[in-house]
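Worksheet: one structure, shown below.
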Amino acid sequence: MSITSAPEQKGFIASASNYLDERTSISGAVKEFGRKIFPDHWSFLLGEVALYSFVIILLSGSFLTFFFQASMTPVEYAGSYVPLRGVEMSAAMSSTLDISFDIRGGLLMRQIHHWAALLFVAAIGLHMLRVFFTGAFRKPRELNWAIGFVLFVLAMAEGFTGYSLPDDLLSGNGLRIIDGMMNAVPVVGTWITFLLFGGEFPGNDIVGRLYTLHILLLPAMVLIFIVLHLMFVVIHKHTQYPGPGKTEQNVVGYPVLPVYAAKAGGFFFLVFGVIALIAATVTINPIWNYGPYDPSPVSAGTQPDWYIGFADGALRLMPPGLETVWLGYTWSWNILIPILVLVVFLLLTFIYPYVEAWVTGDKREHHLLDRPRNAPVRTAFGAAGVTFYAVLWAAASSDIIATHFKVTMEGVINTLQALLILGPIVAFMVTKRVCLALQKKDREMVLHGFETGRIVRLPGGEFVEVHEQLDEYTRWQLVSFNDNAPLQLKPNPVGKITASARFRVAMSRFFFEDRIAPVSPKEYQAALEHSSH
Amino acid sequence: MNRQTRKSGRRSPVASVALLLVGLFATGGAYAAFTATTASASVDLSSPEVINQGQKLFAANCATCHGQQAQGTQNGPSLIGVGAASVDFQVGTGRMPMQASGPQAPSKPVQFEDSQIKALAAYVASLAPGPAIPSESQISGGDVAAGGELFRINCAMCHNVAGAGGALTEGKYAPVLKGVAPVHVYEAMLTGPQNMPAFNDLNLSPEDKKNIIAYLQYNEQNPSAGGLELGSLGPVSEGLFLWIFGLGGIVALTVWITAKSN
């Protein structure tokens, strides 16, 4: 019998890692994860920006919890901010003022926390747009799109609950709108708001309740969903842009260890640096201007943080006077319709991958991204959605647009109302045309090469411009894309043509009727021969 | 050598900078001297000469719209009984003489000297009794905290909590309150210019008005503890800043990081 002993390790690090490995078998995981390949493209870092903002939010938020009192007990402010001294306010507001004026580093932390929150949601939004426009949500990543969407909604909820905590005038006004929206829900609305606020708005409970959501439930959920999201990224491997040597079967890039991890670590500090710089130099949410919440005053220019702006905009764009009394209840359509529009908009965003998968009938896995132009209808839908969102967003600042561009508020609202309907339609049509035109140009380039600007006079006296063929790498990029032809109407195995099949074919025609097919090798050969004549 | 002669031939760059500074100080100082309108007790508003001078100025500059006897015309309201305070505010902030009709006469560079404004005010005040120009003691020494609360309740819905201004209907607006002289703030409350309601002494006592002025002055003299104020417009300007500079800067960094490797 022989005793196998581990080879003698020298040095602290070596023996420490050996110690760890013998007890956790972690080396397998490190090897596996460390060899994961991440492709390099700036747009792949947007999700990372969101992740890092979240880490920064956690760190700065923990600091804030040390000093914040989530209580609506009235106190008399006695801190060092003169214009509020002696004013009665809730303990929440008073402690937020203390964080801002009397606790060392408190204001910086508050501002880091709030700026990072704005960045968090913005980075998620931009990341979602990247995923959408490159078709990264296709099989097998549909589930991860759904998880990401949930994260987006959770992030907005985190932001809104945070915005409401200081119990200043602005946050109270925001809650008042939520209260109004819930009250508009038929039959149960009033009951729900009484339940949430612990009685008549504003009550004495809401800050404490939102605090629990804000620091416990919502962050835990965000964390769980982030873990799921990243697990799927690892399981699916990263997508990549089409290019020479990149296929559906491989990933071209850098391994996590050491290159990518080092880069990512450095990038974290860059993001932190940018946030810290902004937080150190630019005021955000000066609650001392707003003063404590009091249901009577409302300030001009009262807006939610940017990510809730689209909801505020929807309320502002609703034409007035749409209430009906029915069954003894007042039905406030002026609130219910905007809520409905928002829910439908979010729902469409959520289900788009499944709709597209159903329309194309495509069951293949896709690890190569689409260039936006190569999916004209999807890109056009995206542009329409962005336009719709942007109009709602602009509407939330209608008053500020009016004063700063010296136009009337009614003019701004009416223009945006028209844009809300027409804008997405125009954006859809224009984007689709632009995509098709770009595809045509690509085709042209592949078949006939690019113009060199060199003009040659032929022996017969004719002038021609010399075209040169693209190099292989560029050509590859232009011809290798996924082409979807419209589906044909076929009877099912029983020999019937169902209504759903008809609908699907109609949808498929809508998506893929106008299309520019990629250049096939045959066409290319023919074009080459033609040009050599 | 060549360089030396050249240098002495021309004015040194430092000299032009210095000249520029002197010029700026001179104009700035003159401007400040002209615009520093405090409640001046130096002009006696009841003296006949002043009233006389005011009447002449009025006939030349205001009568086309307000009428020879300030009785009003189709182009402008009657000024009988509006008082010295109203004239001092309207002319002292450059709103009058009005230049173009629009939703609201905006404030413009002031067109009259202080003594002329006082003369105009004296003339209008001589037509019928009305609110007087407040004295120095009426506009200084208020309680900042009480003023802040009153401002949020009575003024913030139009002027924004930080006095950053706000939109009203049909192209009217409540202007930014930064840089408005205390005496004009008092007169605005007292006379309710154009689309602003008047706050008489029953609404806001003279003490309340003084407190509001103290609050506005405090804000003007104490910039935000948090850094740049972005116009004090609230979440809209914060959001724009974040998207353009925050996310914009970070996207530039991502491009930089990934470009290095190629």
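Charged side chains reduced to their Cβ positions (Lys and Arg at +1, Asp and Glu at -1) give region B:108-237 a dipole of some 260 debye around its Cα centre. Using θ = phi - 60° in the Karplus curve 6.51 cos²θ - 1.76 cosθ + 1.60, the 3J(HN,Hα) couplings for region B:125-132 round to 5, 6, 6, 6, x, x, x, 9 Hz; x is entered for Gly and Pro. Convex hull volume per residue, computed on the Cα atoms of region A:57-199, equals 147 Å³. Contact-buried residues of region B:140-166, at a threshold of 30 Å² lost accessible area versus the chain by itself: B:ALA145, B:ARG152, B:ILE153, B:MET157, B:VAL161 (1.4 Å probe; DNA, RNA and ligands ignored). Solvent exposure of region B:165-216 amounts to 40 Å² per residue of accessible area, where only protein heavy atoms count and the probe is 1.4 Å. Within the protein assembly as shown, antiparallel bridges make up roughly 90 percent of the DSSP beta bridges whose residues both belong there. Among the GluC sites (Glu not before Pro) found in region A:428-498, those both in a DSSP coil and sparsely packed, with 14 or fewer other Cβ atoms within 10 Å of their Cβ, are A:GLU462. Restricting the calculation to Cα atoms, region B:134-224 yields a radius of gyration followed by a Dmax of 12.2, 38 Å. A prolate overall shape is assigned to region A:120-262, the ratio a/c of its alpha-carbon gyration tensor axes (a ≥ b ≥ c) being 1.5 or greater and a/b exceeding b/c. Amide hydrogen proximity for B:TYR173: with H placed 1.01 Å from N in the peptide plane, the residues at 5 or more positions away or on another chain lying under 5 Å are B:LEU168. For the protein assembly as shown, adding -39500 (n - 2.57) for each run of n ≥ 4 DSSP H residues and dividing by the number of residues yields -18500 deg cm²/dmol at 222 nm. Tell me which aspartates and glutamates have Cα within less than 13 Å of A:LYS363's Cα, excluding those fewer than 8 residues away on the same chain? List returned: A:GLU142.
Taken along the Cα-to-beta-carbon direction at a fixed 7 Å, the label points for A:ASP362 and A:ARG433 span 2.6 nm. Chain A and chain B together bury an accessible surface of about 4500 square angstrom, both sides counted, with a 1.4 Å probe and no ligands or nucleic acids included.
Put simply, the amide H of A:TRP331, placed in the peptide plane, has neighbours under 5 Å in A:THR324, A:VAL325, A:TRP326, leaving out anything fewer than 5 places away on its chain. Using only side-chain charges placed at the Cβ, +1 for Lys and Arg and -1 for Asp and Glu, the dipole size of the protein assembly as shown relative to its Cα centre rounds to 2860 debye.
Accessible surface for region B:42-129, divided over its residues, is 50 Å² per residue with a 1.4 Å probe. Simple spin-label estimate for A:THR65 and A:LEU217 gives 1.6 nm between the two label positions (7 Å along the Cα-to-Cβ direction from each Cα). Taken one residue at a time, the phi angles of region A:295-308 give Karplus couplings (6.51, -1.76, 1.60, θ = phi - 60°) of x, 7, x, 9, 7, 4, x, 7, 9, x, 4, 4, 6, 9 Hz. Gly and Pro are set to x. Accessible surface of A:LEU420, taken over heavy atoms with a 1.4 Å probe and every protein chain present, rounds to 30 Å².
Could you work out the percent of alpha carbon pairs in region A:248-296 separated by over 14 Å, rounded to a whole number?
Above the 14 Å cut-off, region A:248-296 has 72 percent of its Cα pairs.
Taking the chain by itself as reference, region A:408-431 contains these residues with an accessible-area loss of 20 Å² or more in the full protein complex (1.4 Å probe, heavy atoms): A:THR408, A:MET409, A:GLU410. Given +1 at the Cβ of Lys and Arg, -1 at the Cβ of Asp and Glu and no other charges, the dipole of region B:42-129 around its Cα centre is 260 debye to the nearest 20.
Return the FRET efficiency for the residue pair A:SER500, A:LEU277: r is the Cβ-Cβ distance, R0 is 60 Å, and the value is rounded to the nearest 0.05. The pair A:SER500/A:LEU277 has a calculated efficiency of 0.60. Each of A:TRP476, A:VAL494, A:GLN525 was scored by the projection of its Cα onto the charge dipole of region A:448-532, and the greatest displacement toward the positive side belongs to A:VAL494; charges sit on the C-beta of Lys, Arg, Asp and Glu.
Projecting the Cα atoms of A:LEU223, B:PHE151, B:VAL236 onto the dipole axis of the protein assembly as shown, where Lys and Arg carry +1 and Asp and Glu carry -1 at the beta carbon, places A:LEU223 farthest toward the positive end.
For chain A, the longest principal axis of the C-alpha atoms and the axis of helix A:499-512 are separated by about 80°.
Database remark: amide H of B:LEU228 closer than 5 angstrom to the amide H of A:VAL282, A:THR283 (H placed geometrically; neighbours at sequence offset of 5 or more, or on other chains; Pro and chain starts carry no H). What the Cα atoms of the protein assembly as shown give is an Rg and a Dmax of 34.1, 127 Å. Going by a ≥ b ≥ c, the root eigenvalues of the Cα gyration tensor, does region B:42-129 fall in the rounded group (a/c under 1.5), the prolate group (a/b larger than b/c) or the oblate group? Oblate, since a/c reaches 1.5 and b/c is not below a/b.
Given the pairs A:LYS36/A:LYS237; A:LYS246/A:LYS440; A:LYS406/B:LYS172; A:LYS31/A:LYS246, which span a C-alpha to C-alpha distance of over 18 angstrom in this model? Can you show the working numbers first?
Working: A:LYS36/A:LYS237 8 Å; A:LYS246/A:LYS440 24 Å; A:LYS406/B:LYS172 9 Å; A:LYS31/A:LYS246 23 Å.
Result: A:LYS246/A:LYS440; A:LYS31/A:LYS246 exceed 18 Å.
Sparse packing (at most 15 other Cβ atoms within 10 Å of the Cβ) combined with a DSSP loop state is found for the following trypsin sites (Lys or Arg not before Pro) in region A:490-533: A:LYS496. Using the Karplus relation 6.51 cos²θ - 1.76 cosθ + 1.60 with θ = phi - 60°, the per-residue 3J(HN,Hα) values for region A:187-200 come to 6, 8, x, 4, 4, 5, 5, 5, 5, 5, 8, x, x, 5 Hz, with x marking Gly and Pro.
Once the chain from A:PHE268 to A:LYS440 is taken as fully extended at 0.36 nm per residue, the excess over their C-alpha distance is 57.8 nm. To put it simply, the accessible area of the protein assembly as shown at a 1.4 Å probe is 65 percent carbon and sulfur. Pull out a ≥ b ≥ c, the square roots of the eigenvalues of the alpha-carbon gyration tensor of region A:425-533, then state rounded if a/c is under 1.5, prolate if not and a/b is larger than b/c, and oblate in the remaining case. Cα axes put region A:425-533 in the prolate bin. Under 19 Å from a label point 7 Å along Cα→Cβ of A:LEU228: give me every residue in region A:346-372 with its amide N that close. So the set is A:346-355. Projecting the Cα positions of A:GLY460, A:PHE503, A:HIS448 onto the charge dipole of region A:448-532 (unit charges on Cβ atoms of Lys, Arg, Asp and Glu, taken about the Cα centre) puts A:PHE503 furthest along the positive direction.
Please give the per residue accessible area of chain A, computed with a probe of 1.4 Å over protein heavy atoms only, in Å². Let's see the in-between values first.
Working: 27180 Å² over 533 residues.
Per residue, chain A has an accessible area of 51 Å².
Site pair A:GLU76 and A:ILE455 shows an inter-label distance of 8.9 nm when each label is modelled 7 Å from Cα along Cα→Cβ. Here A:THR415 and A:SER480 are evaluated by their C-beta separation; at R0 = 45 Å the FRET efficiency comes out at 0.55. A Förster radius of 60 Å combined with the Cβ-Cβ distance from A:LEU327 to A:TYR19 puts the calculated FRET efficiency at roughly 0.25. Within region B:220-249, the residues that become at least 40 Å² less accessible when every protein chain is included than when their own chain is isolated (1.4 Å probe; DNA, RNA and ligands ignored) are B:ALA225, B:GLY226, B:LEU228, B:LEU233, B:PRO235, B:VAL236, B:GLU238, B:PHE241, B:LEU242, B:TRP243, B:LEU247.
The values are calculated or read from the model by the stated rules, or taken from the named source; none is laboratory data. Quick caveat: nothing in here was measured; it's all calculated off a predicted structure. Cβ atoms come from the backbone with ideal geometry, glycine included; neighbour counts cover every protein chain shown. Side chains are part of the model used for accessible areas, which takes the heavy atoms of the whole protein and leaves out ligands, DNA and RNA. Shrake-Rupley method; radii C 1.70, N 1.55, O 1.52, S 1.80 Å.
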